[in-house]
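The values are calculated or read from the model by the stated rules, or taken from the named source; none is laboratory data. Everything numeric here is computed off the predicted structure, so don't read it as measured data. All Cβ positions, glycine included, derive from the backbone under ideal geometry; neighbour counts span all protein chains shown. Ligands, DNA and RNA are stripped out before the accessible areas are found, and what is left, the full protein with its side chains, is counted by its heavy atoms. Shrake-Rupley method; radii C 1.70, N 1.55, O 1.52, S 1.80 Å.
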Amino acid sequence: MIPLAAWLAPIVLLRFSRLTRSGWVALPAITGAEIIGGAIASRGGDRSSVFLVAFAYAWLAVHSAIAALPYAADRWIRPRLGAAARALVFPLAFVTVEWLTSLSRVFNTTASSAYSQDDSLAFMQIVSLFGMWGLLFLIGWGASTANALWEASFSLKRARRAVVPFVAVMAATLVFGGARLAFAPAAPTVKAATVTIDRDLFEATVAPPFDWLAFNRADDATRAALRPRLEAGVAQLLARTEMALAAGAKLIGWQETAARVLEEDRQATIDRAAALAKRRGAYIQVALGVFTRAPERPYYLDQSILIDDRGEVVWSYDKTEPVIPGEAIVTPRGPGRLPIAETPFGRLSTAICNDFHFPALIRQAGRTRADIVMAPYNSVTPFEAQDATVSILRAVENGYAMARATGNGASLIVDGYGRILGSQPYGEGGGVMIADLPIRGVATLYGRIGDAFAYLCAAALVALAAWSRRKIAARGPAEGGGHGFE
């Protein structure tokens, strides 16, 4: 991910859109540019199935067409407005389109420009106020401002009405972020650990002749034949958990579906982890992938289970948003309610991997003032870096610390300001990482108001569109100014 590219791309695409007379030329060309960029970014992805490859490119094509809509709004609405309003059309449309896209289970916030901005922690703090929408607004506003300066032949005097407000807001954003980090109060901590399983053991659990699509109907003999593979993974996880406990960890999280188990072995696996938790006086978040005997798909449960220091199950959470199409074929959706538990380490909650691409879902942790979120992950190549930024941005939005145990990519221990306190690439460090995790969350405005800024942007865009239409009606199309979509 190249943070500067997220700023440069809309500048030149917006310039191209405004200089191209026909929208029927400009917008397909912008869509094509988005497709090419997306294809380059997706290189190295899963090519094991013709269906998955076809879906990926269909997804990319539709997503790219959606990404061209802010440029269409700029062409249609901006030419008929005054100078001050013209500067806001593109950033308002940029936010509105991304927000509406985020509501889709298929598209959600995957590939959002917001996730490229991980190079400046001070700048990222804006999301604690307005969510990712505030960050996206600034990127869109930057494109609009740069074009206003370009159209003024880079004369600051002629473009000052567009440039000065943007520069002032950017400066205020950086000052706010810097001050928020500099004056962050110290918080008590707990020694926390992430535990991951070796890749070869993890992949062996579903190696051929295992059949994802039909295993729910496997007979007893077939299930029994898989058990030794599954047990090897469970044994390693429990051994590594024991190592973390011996090193003083009091809060431990496993990577997503780290322990794949048969439904008939689920309780026994939980009992073994519970015995460890009780003996060591610690909390363990067990991540299970459960092969049930459901007669039809989906049948495979993706669960995060918290066991307290008395060996009792505090919660059992099922993943709300399995990835479409692959996971969603075999994994049922959970009920969509993040659990919350009072513990000696503050208020704990959890969500699983793709759940973090849905800001409205994770905002439950902000509304309930969670102090720590356990975040089991299993990132997919080549999106490991983006997934890390997604999880960090959600933590800053809602002000919680996070223990992120990850298969593929890096396991992370992060505070409520997005500062990385511990990081371990998958497959290193013997699968155990220990770091001090703050146990007191940070109150955020976004945790209180949610997507109010996105709603405001959408309402303002509609108002400007209505005002533009009114001016067309008053003047007539010939006097409206600009070339619109045509």
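Restricting the first residue to segment 295-318 and requiring it to be in contact (Cβ under 8 Å) with a residue 60 or more places away in the chain, which pairs with a second residue that is open to solvent by less than 20 Å² (accessible area, probe 1.4 Å) and aliphatic (A, V, I, L, M) meet a Cβ separation below 6 Å and a spacing of at least six or different chains?
Arg297/Val330; Tyr300/Val330; Ser304/Ala287; Ser304/Ile352
Restricting to segment 262-287, and then to whatever is farther than 21 Å from Pro344 by Cβ, of a type in the set (A, V, I, L, M) and free of Cβ contacts under 8 Å to residues at least 40 places away in the same chain, can you tell me which residue is surrounded by the most Cβ atoms within 10 Å (Cβ to Cβ)?
My answer is Leu262.
Inspect all residues belonging to segment 105-116 and state whether any of them is of a type in the set (D, E, K, R), over 17 Å from Ile11 (Cβ atoms) and open to solvent by 20 Å² or more (accessible area, probe 1.4 Å).
The answer is yes; a qualifying residue exists.
With respect to the numbered conditions (1) at pLDDT 95 or above; (2) under 23 Å from the mean Cα position of the chain (by Cα), which one is the sole condition not fulfilled by Ser113?
Going through (1) at pLDDT 95 or above; (2) under 23 Å from the mean Cα position of the chain (by Cα) one by one, Ser113 breaks only (1).
Looking at segment 129-174, which of its residues are touching a Lys or Arg at 6+ places or on another chain (Cβ under 7 Å) and crowded, with 19+ Cβ neighbours inside 10 Å?
Passing the criteria: only Asn147.
What are the residues in segment 179-232 that are under 28 Å from the mean Cα position of the chain (by Cα) and open to solvent by less than 30 Å² (accessible area, probe 1.4 Å), if any?
Ala184, Val190, Ala192, Ala193, Thr194, Val195, Thr196, Ile197, Phe202, Thr205
Which ones in segment 72-94 are under 24 Å from Leu135 (Cβ atoms), among the aliphatic types (A, V, I, L, M), at pLDDT below 95 and surrounded by fewer than 22 Cβ atoms within 10 Å (Cβ to Cβ)?
Scanning segment 72-94 gives Ala84, Ala85.
Counting residues that are open to solvent by less than 20 Å² (accessible area, probe 1.4 Å), which strands (runs of 3 or more DSSP E) fully inside segment 300-392 reach at least 3?
It comes to 300-307, 346-350, 372-374.
Before we move on, is Ala65 surrounded by fewer than 19 Cβ atoms within 10 Å (Cβ to Cβ), in contact with a helix residue (DSSP H, G or I) (Cβ under 8 Å, 6 or more places away or on another chain) and within 28 Å of Arg394 (Cβ to Cβ)?
yes
From (1) without any contact (Cβ under 8 Å) to a residue 24 or more places away in the chain; (2) more than 18 Å from Leu437 (Cβ to Cβ); (3) not aliphatic (A, V, I, L, M), pick out the condition that doesn't hold for Glu342.
Condition not satisfied by Glu342: (2).
Does Tyr455 count as among the aromatic types (Phe, Trp, Tyr), modelled with pLDDT of 95 or more and assigned to a loop (DSSP other than H, G, I, E, B)? Give the steps one after another, and end with the answer.
Values: among the aromatic types (Phe, Trp, Tyr): yes; modelled with pLDDT of 95 or more: yes; assigned to a loop (DSSP other than H, G, I, E, B): no.
When the stated conditions are applied, Tyr455 does not pass them.
Just give me the residues in segment 1-23 being open to solvent by 50 Å² or more (accessible area, probe 1.4 Å) and touching a residue at least 40 places away in the same chain (Cβ under 8 Å), in sequence order. Steps first, please.
Our first condition is that a residue be open to solvent by 50 Å² or more (accessible area, probe 1.4 Å); within segment 1-23, this holds for 1-2, 4, 8, 12, 16, 19, 21.
Met1, Ile2, Arg21, listed by residue number.
Which fully enclosed strands (runs of 3 or more DSSP E) of segment 393-434 have 3 or more residues being of a type outside the set (Asp, Glu) and open to solvent by less than 10 Å² (accessible area, probe 1.4 Å)?
Here the list reads 401-404, 410-414.
Filter segment 74-85 down to residues that are over 31 Å from the mean Cα position of the chain (by Cα) and under 14 Å from Thr145 (Cα atoms), then give me how many there are.
4
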